[in-house]
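Below is one structure, written out as structure tokens; comments come after it.
Computed from the coordinates by the stated procedures, all read-outs in this text should not be read as laboratory data. Computed from a predicted structure; not experimentally measured. Ideal geometry is used to build each Cβ from the backbone, glycine not excepted, and the neighbour counts take in all protein chains shown.
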Amino acid sequence: ALANDLGCEFLLINASDENGVNTIRDKVVGFATSMSFDEKPKIIIFDEADRMSPDAQMTLRGYIDKFQDNCRFILTCNFIAKIIPALKEEGGRTMMFEFDMRKPEYTKELKEQIVKRMCGILKFEGIEYDTETVKALVEQHYPSIRSITTVLQKYSMMHGKIDSNILEYANIGDEFTKLILAKKWTESRKYIAEKGLSYTDVYSFMMNYVVPELKNKGDAIINIADYEFKSNLSSDPSIQMAACLIELFACV
């Protein structure tokens, strides 16, 4: 939207999929080396730049310097800690803007916009839905838009519509606690995947509801905190969750 408003040519790179050094080199160089038709600077957008490897980010740093006269670079990310210092240093190559969806002054409006967007998608796909149920689902998973869309997608594929039962489907319940206490590793991972649960929600649930049921609560808390932190830095958070479950089993 910003690039369109400015009337600039732009290149959008989905860094969650296209995050290798060669991909960045081929796409960026090919786009940046040619001049724009109207002499306006070009814009290159890396969506989910935190999914890029450190080597790829270092390569990008060089291109930002090399093409600064012709291009502007925009990077979006979920976890700023996964962006290398050279790309986020104060007074350096970039300016950082933080959008915190949990700030009270933004929450009400953002929730309304998410509900409107989700209902619009469901209507476009021809899926029957109840607006109040969608609102409740947004309340349940906010601010994780990815969790909301994943749950809606999986539930609609199974049932062909969105009804109030989705709230129970999307809720992490006693069944998950029982799986951990029974040390059922495969079933626990399957439960998380089938429900489309965000790992952030799962770590929070384990801390608040599983830990009280464990014998060694101290080690369990330390393990959850450690793996939750590592998950934010990992290119594949599912591996961290798998390891965390094994550690929790030792605390049962």
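Would you mind getting me the FRET efficiency between L11 and M101? Use the beta-carbon distance for r and R0 = 22 Å, nearest 0.05. Write out the running numbers ahead of the final one.
Details: r = 27 Å, r/R0 = 1.22.
Efficiency, from the Cβ-Cβ distance: 0.25.
Quick one: compute the contact order of the chain, relative version, from alpha carbon pairs under 8 angstrom and 6+ residues apart, as a percent.
Once normalised by length, the contact order is 12 percent.
Taking 0.36 nm per residue of sequence separation and subtracting the Cα-Cα distance, how much length would be gained by fully extending the chain between E39 and K135, in nm to one decimal?
Details: separation 96, 0.36 × 96 = 34.56 nm, distance 4.59 nm.
Gain on stretching E39 to K135: 30.0 nm.
What residue among A49, A225, A86 shows peak mean-square fluctuation when the chain is described by a Gaussian network model with Cα springs under 10 Å?
It is A86.
Which chymotrypsin sites (Phe, Trp or Tyr not before Pro) from segment 2-61 combine a DSSP loop assignment with at most 14 other Cβ atoms within 10 Å? List each step's numbers first, then the result.
Working: sites: F10, F31, F37, F46; in loops: F37.
Here the sparse-neighbourhood loop sites are F37.
Can you compute the modelled spin-label distance between T200 and D174, with each label point 7 Å from Cα toward Cβ, in nm?
Simple spin-label model gives 2.9 nm for this pair.
From the cross-link list K42/K123; K178/K230; K82/K135, which pairs have alpha carbons spaced over 28 Å apart?
Values: K42/K123 36 Å; K178/K230 25 Å; K82/K135 32 Å.
Flagged as over cut-off: K42/K123; K82/K135.
(i) 54, 46, 33; (ii) 63, 44, 34; (iii) 77, 33, 29: which one is Cα extents along the principal axes in Å as calculated from this entry?
Computing Cα extents along the principal axes in Å and matching it to (i) 54, 46, 33; (ii) 63, 44, 34; (iii) 77, 33, 29 gives (ii).
Report the full-extension gain for the segment E109 to A81: residue separation times 0.36 nm, less the Cα-Cα distance, to one decimal in nm. Spell out each step's value before the answer.
Working: separation 28, 0.36 × 28 = 10.08 nm, distance 2.75 nm.
Taking E109 through A81 to full extension adds about 7.3 nm, to one decimal.
Summing -39500 (n - 2.57) over the DSSP H runs of n ≥ 4 in the chain and dividing by its residue number, what mean residue ellipticity at 222 nm do you reach, to the nearest 500 deg cm²/dmol? Present the calculation step by step, with values, prior to reporting the outcome.
Working: 13 runs with 141 residues, N = 252.
Rounded to the nearest 500, it is -17000 deg cm²/dmol.
Anyone know which of E194, E168, E125 comes out most mobile in the 10 Å Cα GNM of the chain?
Between E194, E168, E125, it is E125 that shows the largest mean-square fluctuation.
Excluding same-chain residues fewer than 8 positions from K40, which lysines have a Cα within less than 22 Å of its Cα?
Correct list for K40: K27, K66.
Could you grab the relative contact order for segment 2-88? Cα pairs under 8 Å, six or more apart, rounded to a whole percent. Each step should come with its number before you reach the end.
On the way: 121 pairs, mean separation 29.7, N = 87.
Computed over segment 2-88, the figure is 34 percent.
Given the Cα-Cα distance of N22 and I221 and 0.36 nm per residue of separation, how much length would full extension add, in nm? Please list the in-between numbers first.
Numbers: separation 199, 0.36 × 199 = 71.64 nm, distance 4.09 nm.
Length difference between fully extended and current span is 67.6 nm.
With a sphere of radius 11 Å drawn around the Cβ of E187, what net charge do the other residues whose Cβ falls strictly inside it have (Lys, Arg +1; Asp, Glu -1)? Working shown, then result.
Numbers: positive: K178, K183, K184, R189, K190; negative: E175, E194.
Summing Lys and Arg as +1 and Asp and Glu as -1 gives +3.
Give the longest segment of the chain that steers clear of trypsin sites (Lys or Arg not before Pro) in DSSP loops with at most 10 neighbouring Cβ atoms within 10 Å, not counting the sites themselves.
Working: sites that count: R102, K215.
No qualifying site falls inside 103-214, the longest such stretch.
Quick check: pseudo-label points 7 Å beyond the Cα along Cα→Cβ at F249 and E125, how many nm apart are they?
It is 3.4 nm.
Give the cross-link partners of K184 among the lysines, using a straight C-alpha distance below 20 Å as the criterion and excluding same-chain residues fewer than 8 apart.
K195, K215, K217
How far is helix 21-32 tilted off the main Cα axis of the chain, in degrees rounded to 10, range 0 to 90?
40
Mind sorting C71, C8 by how few other Cβ atoms lie within 10 Å of their own Cβ, fewest first?
Details: C71 22, C8 16.
Ranked by crowding around the Cβ, least crowded first: C8, C71.
Between N165 and W185, take the C-beta separation as r, use R0 = 22 Å, and let me know the FRET efficiency to the nearest 0.05.
0.20
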